[in-house]
Each structure stands twice: as C-alpha cells, then as structure tokens.
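Only one structure is covered here, and it is reproduced in the block below.
The values are calculated or read from the model by the stated rules, or taken from the named source; none is laboratory data. Just so it is clear, the structure is predicted and the values come from calculations on it, not from any experiment. Methodologically, a virtual Cβ is constructed for each residue, glycine included, from the backbone with ideal geometry; neighbour enumeration extends over all protein chains shown.
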Amino acid sequence: MMLKYFKSLGHISRRKRLNLVKTRLGSNVMDNSLVLGHNRKRHMTTATSPRATSTLLRRIENDALKKPIALTFKDMYNYSEMMHQTKSPQEQQKLLMKSAQFLRDQVPIRLAHVILALQNLPYGVNQAPSIQQIYDLYLQSYEVCINLPEIMSSPEQEKEFTEFILTRLKEHLLVK
C-alpha cells in the first residue's frame, strides 16, 4: 500500500515528495531511496519468498519507514561504564531490562531496512539463490522478532530475548 503511494508520487520533485510523505506519515520517515525514487531508472525485480505474506510485507514497509536510533561507540562505552559502576543487582537488572526493551524496539526496524534493501537490489540480483537464502533468513528473523512478547520487567523475558538474539546471530553467521 505504501509502496504504491510512493510510486504514485513519481511526477513530483524529490524534495516535495519527501515532504508529502513526512506529512502523511509523520517526521519519523527515513530519507531513503524508496521515498526519493533514486532507483526508478534501474531494472528492478522484487525478491520473493513463500514466507513473505502480504501482511508481513506491509509491516516490513511500515517498519522500514521508521528511522533507527543511532548509537555511537561513545554511547555504548558510557552504557558499559554505567553497568560497571552500578553496585546493586536490582539496578543492574533495571539497566538490562532497559537495554532489552531498546533492542526489542530497534531490531525489527533495522531488519526491515535490510529486507527492503534486499528486495530492491537492481538487475535481478535478488533472484540469486544465495541472496534468496539471506532474504529468507532475514524474513524469518523479522517474523520471529515481531512475534516475541513485549519485555516488561521479568528477568525470564530478558533472558528469552537474549537467547533469541544469540540464536539469530549464530544463524546469520553460518550463511554460506
């Protein structure tokens, strides 16, 4: 649905198109080539997968429109320092829960960006079996991630989410 909206804006200048999309969807829109139409002149084929239902693809498109929160090495260092300076186990647990909640919110957005990039590879590159394997793996990770329950305050939920992240990371590292 959103993809059709973006394509229908093809006759409008890129700047006006981005402003229209931001107005319609809010300011949390990423300035990406899908919105700006950089890829219009290239021959495009969309990656397909039996796992990719229309509902899932719509959700991916919506998440891909969100801008991920940028993290710098300084942010990660400061967070690590804060973890090491915290004395009480309760405070450490709070920080772990906060980071798990942050990841729970950000991982689907980042996966959606990768999936959309794989879908929009030019010249049929996304039809190659190796790219299809990666695409399916990212789709599977995205689907599992969005179906995980929200992390509220239990250490068990945080542990389950950590296990999910580690399992997915190992699976992604094994791609040949």
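For this structure, a couple of remarks:
- Residues considered: 158, 171, 91. Of these, the only one that is touching a Leu at 6+ places or on another chain (Cβ under 6 Å) and modelled with pLDDT under 90 is 158.
- Counting the residues of the stretch 109-123 that are part of a helix (DSSP H, G or I) and either modelled with pLDDT of 95 or more or hydrophobic (A, V, I, L, M, F, W, C) (or both) gives 10.
- Within the stretch 134-146, considering residues that are in contact (Cβ under 8 Å) with a residue 60 or more places away in the chain and of a type in the set (Phe, Trp, Tyr), the one farthest from residue 61 (Cα to Cα): 135
- Qualifying residue in the stretch 67-75 (condition: touching a Lys or Arg at 6+ places or on another chain (Cβ under 7 Å), part of a loop (DSSP other than H, G, I, E, B) and at pLDDT 85 or above): yes
- Of all residues in the stretch 154-176, those that are farther than 24 Å from residue 97 by Cβ and touching a residue at least 24 places away in the same chain (Cβ under 8 Å) total 4.
- Single residue of 115, 131, 151 found to be in the same structural domain as residue 94 (by TED's automatic domain parsing), in contact (Cβ under 8 Å) with a residue 24 or more places away in the chain, surrounded by 16 or more Cβ atoms within 10 Å (Cβ to Cβ) and within 16 Å of residue 49 (Cβ to Cβ): 115
- Among the residues examined, residue 94 does not qualify as surrounded by fewer than 18 Cβ atoms within 10 Å (Cβ to Cβ) and more than 25 Å from residue 163 (Cβ to Cβ).
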